[in-house]
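Visitor: Mind having a look at this structure? Questions to follow.
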Amino acid sequence: MTVNATTNEHVDLLIIGAGPAGMAAALAAAPRGLSIALLDDNPLPGGQIWRDGPNAQVPKQAQDMRGRLQGFSNIRLHSGCKVVALAGAKRLLLEDAERGWVLSYDSLILCTGARERLLPFPGWTLPGVTGAGGLQALIKGGLQVKDERIVIAGTGPLLLASSATAQKHGAEVVRVAEQASLSAVAGFAAGLWRWPNKAIQAITLASAAYRTSAHVLTALGTDRLEGVRIQVGDKIEELACERLACGFSLVPNVEIAQALGCTVRDQAVVVDEWQATRLPDHFAAGECTGFGGSELALVEGRIAGLVAVGERETARGLWAERLRWQGFADRLNTAFSLNPALKTLAAPETLVCRCEDVRYADLAGHGSWTGAKLATRCGMGACQGRICGTAAQTLFGWEPPLLRPPFSPARISTLACLDEGESV
Amino acid sequence: MSEAPTLQGHAADVIVIGGGIVGAACADELASQGLHVLVLDSQRPAATAAGMGHLVVLDHSAAELALGEYSVRAWCELAPQMPDDCAMRTNGTLWLACNEEEMAEAERKHAALREYGLACELLSGAELARAEPSLRSGLLGALKVSGDGILYAPNAARWLLQRQSSRVVQRQAEVVEVQGNRVRLASGEWLQAPAAVLASGIYARELCPDLPLQAKKGHLLITDRYPVQITHTLVELGYVTSAHKGNGPSVAFNVQQRPTGQLFIGSSRQFDNHDPEVDAAMLGRMLRRAMDFLPGLGDMTGLRSWTGFRSASPDGQPLIGEHPHQPGLWLAVGHEGLGVTTATGTARLLAAQLLRTPPPLDLEPYLPQRFIGARAHA
Ligand SMILES: Cc1cc2nc3c(=O)[nH]c(=O)nc-3n(C[C@H](O)[C@H](O)[C@H](O)COP(=O)(O)OP(=O)(O)OC[C@H]3O[C@@H](n4cnc5c(N)ncnc54)[C@H](O)[C@@H]3O)c2cc1C
Ligand SMILES: Cc1cc2nc3c(=O)[nH]c(=O)nc-3n(C[C@H](O)[C@H](O)[C@H](O)COP(=O)(O)OP(=O)(O)OC[C@H]3O[C@@H](n4cnc5c(N)ncnc54)[C@H](O)[C@@H]3O)c2cc1C
């Protein structure tokens, strides 16, 4: 048997991630007429905030952007498509449901967004426990939560967004446990007048179940979740519930940037005022450069899209707006910084790596991620350390693993497309 | 070698440098003979961790055949005591022939192994298709070697290091200098024992630059879990015609199915490449080769790939014995792509020399003297 010849594709501009940043970048760059590919591993563009599904109501702004993307014949949308490996200079191996192929590009904008940080605590692997954004995504994807009692815990505005989604779909949110203190949260809210639409969002989201200085201790149950034990100030409460959703803020998705050789600092891709990374022709925008909300992602995406097609002056006109939203992001990040107590939630027997069944105690004695991995197989399962590597970074301060091909599980026939990379 | 070592008595009867499969087997064998062993390991990326673990008898030379056959037998003796996580099985090897030339090689090998007393048989193309239906059609046949096996080397090494814990002590430490039977640790501390064994795999040259060892990089990939479809370890005979011939980078088909149902796919060979990163082009080439034998592989999911380094001597055989210029320093290095298999035999040959007991095999072909001659006098 011979392997099908690789169907190669070349574009002037490749954008990875079709969240707010990636969509904005594509729309800003498109009028110049260059060929653009916009790829995302989800079925539809929108990213995390505008995630689509049977139960989702995608806002008008997102629908407009989707419509405009379709209006440009020079934008090719690769949905349900993931990056599998680097395939040489300015070449990437991609895979979607049907095929694997190598795409080459002249310029690249990374808009890979962020993911939730999950931290281990006793019981966190019980069925019924998810991430806070994860619960939101499940509901949008069709999960029925009507009449279920739900506890949401962790930190940041995402808890409120998740709570709102759950309530809208008929769940009873019995508690929202925010780890930050009341003064931090109040200080943050008091500054929101500068971003009026954010203030309105915050008010509509606030709920009677909301508690500050509160964090999860244990998820209770044997075969699935039955309740949760929470620390609220200096008191401990136990609540019966069917679901627990925990999100300990977001971590930028920097793995591809890192594999390409971009600088990553404080877990975020480093960019200059043009959204340029240290690599020529490689840009980054949105939450992969740091947590900042969708408005910041949108303006960063527009700047990156413009700069990538040479429209620096127009891009410069957007700097003031970016500064404004960066101010919001900075306040957010200070107000909701993680309480060190959250690093000590895991018990010795708590699983940290659920793919390979590695307990907290198995890891605690090691000096580095590599040493721990060699000895325990931590991070060697299907998630490739995305969850436990991030947790270990928070818990032990270990540098997370570098991605190796395949970046995520991929068909062997796709991987077989990797070649010397001379021809395009 | 600046200051005079401050010696602090004997740390053990024997110090073993390196706790990979070879060091572990040596420590275990010496402990079985009643010695107290201190194993020093610095937890560096090891060939053993690459995890392939095919127990296979090769016969490129009489020495290779002798050591391989003896070693596989030794593993089988250990098998009943091994814990489940070592995944030890005797599943047999199928050497696959694509063309007449490879079939001729299968026949030659058949005769050679039979003569040595190994259970093996030639399969026709049809018999092969029945034995392993996932293989592509049109293969000419195969040689089946029934006594070959497979194990999970990282766990086997750990087991060997732990099972005689009263006599085998493990310590995490990096050795930075060796002088005969004395070793200096990164902390500056010197340790000594009547004998030191160097079993640090590809890193051995850092401590002993006169060792004629060369690194050969290899790639591996593991798939998701699938229902059993391959029972034997499948290897191509292509080395006679193309693959792994000469010094250029090469790939050869090698697949085994682990007890988890995951397929373990190898392997590639690159010289003078010390970069542990996965080389995308080499991975692609290795997988195209594998798909050529197992067409169904294309639709399976590859989970992870990684690399490892084999430590090769000029004639492909390990160096087992005392260092000609360093009394008290014993070598167990240079196992190339076969060190999981030959760890047991290596350990017994080494112990026999150290303890001056009759060796189970002729020692000559493995002695370090074949590369490190007598020191020239100035
Ligand atoms: C789980 C979750 C839920 C959230 N919910 C809300 C909410 O309800 N309200 C709110 O205001 N903010 C929410 N946020 C914050 C929100 O992410 C940001 O405000 C905004 O969406 C950031 O936009 P972005 O374009 O930078 O990244 P994202 O929206 O994260 O988009 C990045 C996109 O890139 C894709 N991607 C990443 N890597 C690859 C790859 N290798 N190959 C292919 N595709 C890739 C991702 O799947 C994603 O679609 C949520 C965040 C998370 C993580
Ligand atoms: C891709 C690949 C596939 C393979 N497939 C097979 C196969 O199917 N069958 C087979 O039989 N063999 C196979 N091999 C070969 C086999 O893996 C090796 O020959 C064997 O693992 C070598 O074991 P070792 O103990 O000598 O070295 P290693 O496993 O490398 O162990 C050396 C140890 O020494 C330690 N060390 C190094 N320097 C120091 C120091 N200065 N101080 C203290 N400790 C130190 C390291 O931490 C390490 O633990 C394969 C090899 C590779 C790379």
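The values are calculated or read from the model by the stated rules, or taken from the named source; none is laboratory data. Treat the numbers as computed from the prediction; the structure is a model and nothing was measured. Ideal geometry is used to build each Cβ from the backbone, glycine not excepted, and the neighbour counts take in all protein chains shown. Accessible surface areas use protein heavy atoms only, side chains included; no ligands, DNA or RNA. Shrake-Rupley method; radii C 1.70, N 1.55, O 1.52, S 1.80 Å.
Visitor: Please give the number of the condition A:Thr165 fails out of (1) touching a Leu at 6+ places or on another chain (Cβ under 9 Å); (2) assigned by TED's automatic domain parsing to the domain that holds A:Trp274; (3) open to solvent by less than 30 Å² (accessible area, probe 1.4 Å).
Guide: (2)
Visitor: Another question, then. Only residues that are in contact with a Lys or Arg (Cβ under 7 Å, 6 or more places away or on another chain) and either modelled with pLDDT of 95 or more or under 18 Å from B:Gln317 (Cβ atoms) (or both): list them for region B:54-92, please. Give the steps one after another, and end with the answer.
Guide: Taking region B:54-92 and keeping what is in contact with a Lys or Arg (Cβ under 7 Å, 6 or more places away or on another chain), we get B:59, B:74, B:87, B:92.
The answer is B:Asp59, B:Ala74, B:Gly92.
Visitor: Take A:Pro405 and decide whether it is of a type outside the set (D, E, K, R), open to solvent by 50 Å² or more (accessible area, probe 1.4 Å) and at negative phi.
Guide: So A:Pro405 fails the test.
Visitor: For region B:169-233, list the strands (runs of 3 or more DSSP E) that sit wholly inside it and hold at least 2 residues that are surrounded by 15 or more Cβ atoms within 10 Å (Cβ to Cβ), within 14 Å of another protein chain (Cβ to nearest Cβ) and near ligand 2 (Cβ under 9 Å from one of its atoms); which are they? Explain how you work it out, then say what you get.
Guide: Working: elements: B:175-179, B:182-185, B:190-192, B:195-198, B:214-225.
Output list reads B:214-225.
Visitor: A follow-up question, please. Hey, can you tell me all the residues within region A:87-110 that are among the polar types (S, T, N, Q) and more than 14 Å from every other protein chain (Cβ to nearest Cβ)? Quick ask: steps written out before the conclusion?
Guide: Filtering region A:87-110 down to residues among the polar types (S, T, N, Q) leaves A:104, A:107.
The answer is A:Ser107, and nothing else.
Visitor: Restricting attention to region A:179-192, which residues are surrounded by 15 or more Cβ atoms within 10 Å (Cβ to Cβ) and under 13 Å from A:Leu332 (Cβ atoms)?
Guide: A:Ala180, A:Ala184, A:Val185, A:Phe188, A:Ala189, A:Gly191, A:Leu192
Visitor: A further question on this structure: Of all residues in region B:69-104, count the ones that are among the β-branched types (Val, Ile, Thr) and out of contact with any Ser or Thr (no Cβ under 6 Å at 6 or more places or on another chain). Walk me through how you get there before you give the answer.
Guide: From region B:69-104, those among the β-branched types (Val, Ile, Thr) are B:72, B:90, B:93; that's our starting set.
Filter once more, so that each one left must be out of contact with any Ser or Thr (no Cβ under 6 Å at 6 or more places or on another chain): B:72, B:90.
Matching residues across region B:69-104 total 2.
Visitor: While we're here: Go through region A:111-161 and give me each residue that's closer than 30 Å to A:Gln275 by Cβ and either within 14 Å of chain B (Cβ to nearest Cβ) or more than 8 Å from ligand 1 (Cβ to nearest atom) (or both). Break it down into steps so the answer makes sense when it comes.
Guide: Pass one, region A:111-161, residues closer than 30 Å to A:Gln275 by Cβ: A:111-118, A:131-134, A:136-137, A:140, A:154-161.
The answer is A:Arg117, A:Leu118, A:Lys140, A:Gly154, A:Thr155, A:Gly156, A:Leu159, A:Leu160.
Visitor: Follow-up. B:Leu303 versus (1) modelled with pLDDT of 95 or more; (2) in contact with a strand residue (DSSP E or B) (Cβ under 7 Å, 6 or more places away or on another chain); (3) open to solvent by 10 Å² or more (accessible area, probe 1.4 Å): which is the lone unmet condition?
Guide: Just one mismatch for B:Leu303, condition (1).
Visitor: For region B:67-89, which residues satisfy the criterion of being touching a helix residue (DSSP H, G or I) at 6+ places or on another chain (Cβ under 8 Å) and surrounded by 15 or more Cβ atoms within 10 Å (Cβ to Cβ)?
Guide: Going residue by residue through region B:67-89, those that are touching a helix residue (DSSP H, G or I) at 6+ places or on another chain (Cβ under 8 Å) are B:67-68, B:70-72, B:74-75, B:78, B:82-83, B:85-88.
Correct list: B:Leu67, B:Gly68, B:Tyr70, B:Ser71, B:Val72, B:Ala74, B:Trp75, B:Leu78, B:Met82, B:Cys86, B:Ala87, B:Met88.
Visitor: List the pairs whose first member sits in region A:257-275 and is surrounded by 17 or more Cβ atoms within 10 Å (Cβ to Cβ), whose second member is part of a helix (DSSP H, G or I) and among the hydroxyl-bearing types (Ser, Thr, Tyr), and whose Cβ atoms are under 7 Å apart, counting only residues at least 6 apart or on separate chains?
Guide: A:Ala268/A:Thr289; A:Val269/A:Thr289; A:Val271/A:Thr289
Visitor: What single numbered condition from (1) open to solvent by 10 Å² or more (accessible area, probe 1.4 Å); (2) more than 26 Å from A:Pro157 (Cβ to Cβ); (3) among the aliphatic types (A, V, I, L, M) fails to hold for A:Leu38?
Guide: Only one criterion is unmet by A:Leu38, namely (1).
Visitor: Helices (runs of 4 or more DSSP H) wholly in region A:364-424 with at least 1 residues that are of a type in the set (Ser, Thr, Tyr) and within 10 Å of chain B (Cβ to nearest Cβ) - which ones? I'd like the intermediate steps shown before the answer.
Guide: Values: elements: A:369-376, A:386-396, A:412-415.
Where helices (runs of 4 or more DSSP H) fall fully within region A:364-424 and carry at least 1 residues being of a type in the set (Ser, Thr, Tyr) and within 10 Å of chain B (Cβ to nearest Cβ), they are A:369-376, A:412-415.
Visitor: Do we have any residue at all in region B:322-336 that's within 14 Å of chain A (Cβ to nearest Cβ) and either in contact with a helix residue (DSSP H, G or I) (Cβ under 7 Å, 6 or more places away or on another chain) or under 26 Å from B:Tyr152 (Cβ atoms) (or both)?
Guide: The initial filter retains those residues of region B:322-336 that are within 14 Å of chain A (Cβ to nearest Cβ), namely none.
No: zero hits.
Visitor: Considering only residues that are surrounded by 16 or more Cβ atoms within 10 Å (Cβ to Cβ) and in a helix (DSSP H, G or I), which ones fall in region A:168-178?
Guide: The answer is none; no residue qualifies.
Visitor: To continue, here is another question. Residues in region B:306-325 that are open to solvent by 40 Å² or more (accessible area, probe 1.4 Å) and over 17 Å from B:Ala46 (Cα atoms): how many?
Guide: Matching residues across region B:306-325 total 5.
Visitor: Please indicate, with yes or no, whether at least one residue in region B:258-279 is open to solvent by 30 Å² or more (accessible area, probe 1.4 Å), away from ligand 2 (no atom under 15 Å from the Cβ), away from every other protein chain (no Cβ under 13 Å) and more than 30 Å from B:Ala347 (Cα to Cα).
Guide: no
Visitor: So which residues in region B:283-302 are at the interface with chain A (Cβ under 7 Å from one of its Cβ atoms) and of a type outside the set (D, E, K, R), if there are any at all?
Guide: Taking region B:283-302 first, the residues at the interface with chain A (Cβ under 7 Å from one of its Cβ atoms) are B:283-284, B:287-288, B:291-292, B:295, B:297-302.
Once the filter is applied, which keeps residues that are at the interface with chain A (Cβ under 7 Å from one of its Cβ atoms) and of a type outside the set (D, E, K, R), region B:283-302 yields B:Leu283, B:Gly284, B:Leu287, B:Met291, B:Pro295, B:Leu297, B:Gly298, B:Met300, B:Thr301, B:Gly302.
Visitor: Something else now. Quick check, is A:Asn55 under 18 Å from A:Ala410 (Cβ atoms), more than 16 Å from ligand 2 (Cβ to nearest atom) and modelled with pLDDT under 95? Can you show your working first?
Guide: Details: under 18 Å from A:Ala410 (Cβ atoms): no; more than 16 Å from ligand 2 (Cβ to nearest atom): yes; modelled with pLDDT under 95: yes.
For A:Asn55, the condition - under 18 Å from A:Ala410 (Cβ atoms), more than 16 Å from ligand 2 (Cβ to nearest atom) and modelled with pLDDT under 95 - is not met.
Visitor: Just wondering, is there one or more residues in region A:68-76 that are of a type in the set (Lys, Arg) and away from chain B (no Cβ under 14 Å)? Break it down into steps so the answer makes sense when it comes.
Guide: Going through region A:68-76, the residues of a type in the set (Lys, Arg) turn out to be A:68, A:76.
Right, trim to away from chain B (no Cβ under 14 Å) and you get A:68, A:76.
Checked against the condition, which is being of a type in the set (Lys, Arg) and away from chain B (no Cβ under 14 Å), region A:68-76 yields at least one hit.
Visitor: Residue check: is B:Arg130 more than 22 Å from the chain's Cα centre (by Cα) and farther than 16 Å from B:Glu236 by Cβ? Reasoning before the result, please.
Guide: Values: more than 22 Å from the chain's Cα centre (by Cα): yes; farther than 16 Å from B:Glu236 by Cβ: yes.
Yes: the conditions hold for B:Arg130.
Visitor: A further question follows. Out of A:Ala62, A:Ala29, report the one residue that is surrounded by 17 or more Cβ atoms within 10 Å (Cβ to Cβ), touching a helix residue (DSSP H, G or I) at 6+ places or on another chain (Cβ under 7 Å) and touching a residue at least 12 places away in the same chain (Cβ under 8 Å). It would help to see each step written out before you state the result.
Guide: Numbers: A:Ala62 fails: touching a helix residue (DSSP H, G or I) at 6+ places or on another chain (Cβ under 7 Å).
Residue meeting the stated conditions: A:Ala29.
Visitor: Ok, one more. Do you know which of the residues in region A:125-144 that are at negative phi and touching a strand residue (DSSP E or B) at 6+ places or on another chain (Cβ under 6 Å) is surrounded by the fewest Cβ atoms within 10 Å (Cβ to Cβ)? If you could, list the steps in order and put the result at the bottom.
Guide: Within region A:125-144, the first condition is being at negative phi, and the residues that meet it are A:125-127, A:129-141, A:143-144.
Cutting the leftovers down to touching a strand residue (DSSP E or B) at 6+ places or on another chain (Cβ under 6 Å) gives us A:125-126, A:129-133, A:135.
Details: A:Thr125: 14, A:Leu126: 17, A:Val129: 23, A:Thr130: 23, A:Gly131: 21, A:Ala132: 29, A:Gly133: 24, A:Leu135: 25.
So, considering only residues that are at negative phi and touching a strand residue (DSSP E or B) at 6+ places or on another chain (Cβ under 6 Å), the one surrounded by the fewest Cβ atoms within 10 Å (Cβ to Cβ) is A:Thr125.
Visitor: Another one. Working carefully through the options B:Ala111, B:Ala104, find the one that is in contact with a strand residue (DSSP E or B) (Cβ under 9 Å, 6 or more places away or on another chain), of a type outside the set (Ser, Thr, Tyr) and surrounded by fewer than 20 Cβ atoms within 10 Å (Cβ to Cβ).
Guide: On the way: B:Ala111 fails: in contact with a strand residue (DSSP E or B) (Cβ under 9 Å, 6 or more places away or on another chain).
It is B:Ala104.
Visitor: Would you check if A:Glu313 is near ligand 1 (Cβ under 8 Å from one of its atoms) and either open to solvent by 30 Å² or more (accessible area, probe 1.4 Å) or in contact with a Phe, Trp or Tyr (Cβ under 6 Å, 6 or more places away or on another chain) (or both)?
Guide: Working: near ligand 1 (Cβ under 8 Å from one of its atoms): no; either open to solvent by 30 Å² or more (accessible area, probe 1.4 Å) or in contact with a Phe, Trp or Tyr (Cβ under 6 Å, 6 or more places away or on another chain) (or both): yes.
Against the criterion (near ligand 1 (Cβ under 8 Å from one of its atoms) and either open to solvent by 30 Å² or more (accessible area, probe 1.4 Å) or in contact with a Phe, Trp or Tyr (Cβ under 6 Å, 6 or more places away or on another chain) (or both)), A:Glu313 does not qualify.
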